[in-house]
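Scroll down for the structure; my scribbles are underneath it.
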Amino acid sequence: MTRRPGLAAAAVGVYVTLLLLADRYVELPGQLALGALTWLVLLAALTQITPERRAQTLLVVAAATCGEILGSIVWGVYTYRLENLPSFVPPGHGLVYLAGFALARAAAGAGRERLLVWGALTAVLAWALAGLTVLPRADVGGALGAVLLAVYLLRGRAPPVYAGVFVFVAYLELYGTAIGTWTWAETIPGTPVPNGNPPSGVAAGYVWFDMVALAVAPRLLAGVRAARALIPQLSGALLR
């Protein structure tokens, strides 16, 4: 994931595309098998990155899983094909984060970070405008998320990473909803706010997961290192 970021990003895109396609033809046992395979793919990817990036990825998985349970199972803003939380979704979030980060690194290596960020900004705002004007389903909820994502891209801590994640999320949302892997409710449950299928600003939620990971991972690693440093001291004290 570190030496050839462009290839890594493409590999994740191909894998997730095939994963969602396979999910169309299986029931729960097959879905569990796809989940196990995706965890293995994520674990293999984690062995190729730095400890800090590994911690960030696992934090994204944890935060995104909580968001999935709230957004899909509890709130019903969107519903998966089998009306559950597919087992491949949590590790899939980790792969999307790694792919977004890899795309950002590839853009940086080519001197095109600004192009990636401004391209993402233009795309999400154009999508939001289309959802308010010409798309078959009104997308007010998505437009609100798009504005939030625009703020992240302009003033966030890691705009290229957010832009890379947006590229993957936009593709996966358009593809996943087109083949029926999940469907977004026409209005946000409990409100009169219409929502697209998919909403234009859905990547804003993913970026929030990334922000949590970027902020918390260094502190988490520092805590782990401090705990490890204490182990010899505690062992020595117990042996005295």
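Summary table
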quantity: Highest to lowest packing among 151-160, 86-95, 122-131, scored as the average C-beta count within 10 Å; calculated: 86-95, 122-131, 151-160
quantity: Residue (of V74, A163, V89) at the positive-pole extreme of the chain, dipole from beta-carbon charges; calculated: A163
quantity: Charge sum, other residues only, whose C-beta stays under 15 Å from V77's C-beta, Lys/Arg counted +1 and Asp/Glu -1; calculated: -4
quantity: Nearest-20 debye value, the chain charge dipole, Cβ charges on Lys, Arg, Asp, Glu; calculated: 1060
quantity: Cα-based convex hull, the chain, per residue volume (Å³, whole number); calculated: 146
quantity: Tilt relative to the chain, helix 113-133 - C-alpha long axis, 0 to 90 degrees, to 10; calculated: 40
quantity: Residue-count net charge about L221 - beta-carbon cut-off 10 Å; Lys, Arg +1, Asp, Glu -1; calculated: +2
quantity: Computed Kirkwood radius, in angstrom, where 1/r is averaged over Cα pairs of the stretch 115-187; calculated: 12.8
quantity: Normalised convex hull volume, the stretch 186-227, alpha-carbon set, Å³ per residue; calculated: 89
quantity: Highest average packing first - 209-215, 32-38, 42-48, Cβ atoms within 10 Å; calculated: 209-215, 32-38, 42-48
quantity: Share of carbon and sulfur in the accessible heavy-atom surface of the chain [1.4 Å probe, %]; calculated: 69
quantity: Degrees, to the nearest 10: 5-23 long Cα axis against longest axis of the chain; calculated: 60
quantity: Debye equation applied to the C-alpha atoms of the stretch 86-211, log10 I(q)/I(0) at 0.12, 0.14, 0.18, 0.21 Å⁻¹; calculated: -0.43, -0.59, -0.94, -1.21
quantity: In degrees, nearest ten, helix 159-178 long axis to first principal axis of the chain (Cα); calculated: 50
quantity: Cα pair distances in the stretch 1-105, grouped into 10 Å bins until the bin that holds the longest one, percent each; calculated: 15, 45, 32, 8, 0
quantity: The chain - mean residue ellipticity at 222 nm from DSSP helices (-39,500 (n - 2.57) per run, n ≥ 4, rounded to 500); calculated: -25000 deg cm²/dmol
quantity: Square roots of 5 times each gyration tensor eigenvalue, C-alpha, the stretch 52-92, largest first, Å; calculated: 22, 11, 5
quantity: Computed Kirkwood radius, in angstrom, where 1/r is averaged over Cα pairs of the stretch 86-125; calculated: 11.3
quantity: Amide H within-cut-off set for T187, under 5 Å, with H built and near neighbours excluded; calculated: N195
quantity: Per-residue ³J(HN,Hα) for the stretch 222-228, Karplus 6.51 cos²θ - 1.76 cosθ + 1.60, θ = phi - 60°, Hz, x for Gly and Pro; calculated: 4, x, 5, 5, 5, 5, 5
quantity: Inter-centroid distance (Cα atoms) of the stretch 8-34 relative to the stretch 145-213, Å; calculated: 20
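The values are calculated or read from the model by the stated rules, or taken from the named source; none is laboratory data. No experiment lies behind these values; they were computed from the predicted model shown. Cβ atoms come from the backbone with ideal geometry, glycine included; neighbour counts cover every protein chain shown. For the accessible areas, the whole protein counts, side chains as well, though only heavy atoms, and no ligand, DNA or RNA atoms are used. Shrake-Rupley method; radii C 1.70, N 1.55, O 1.52, S 1.80 Å.
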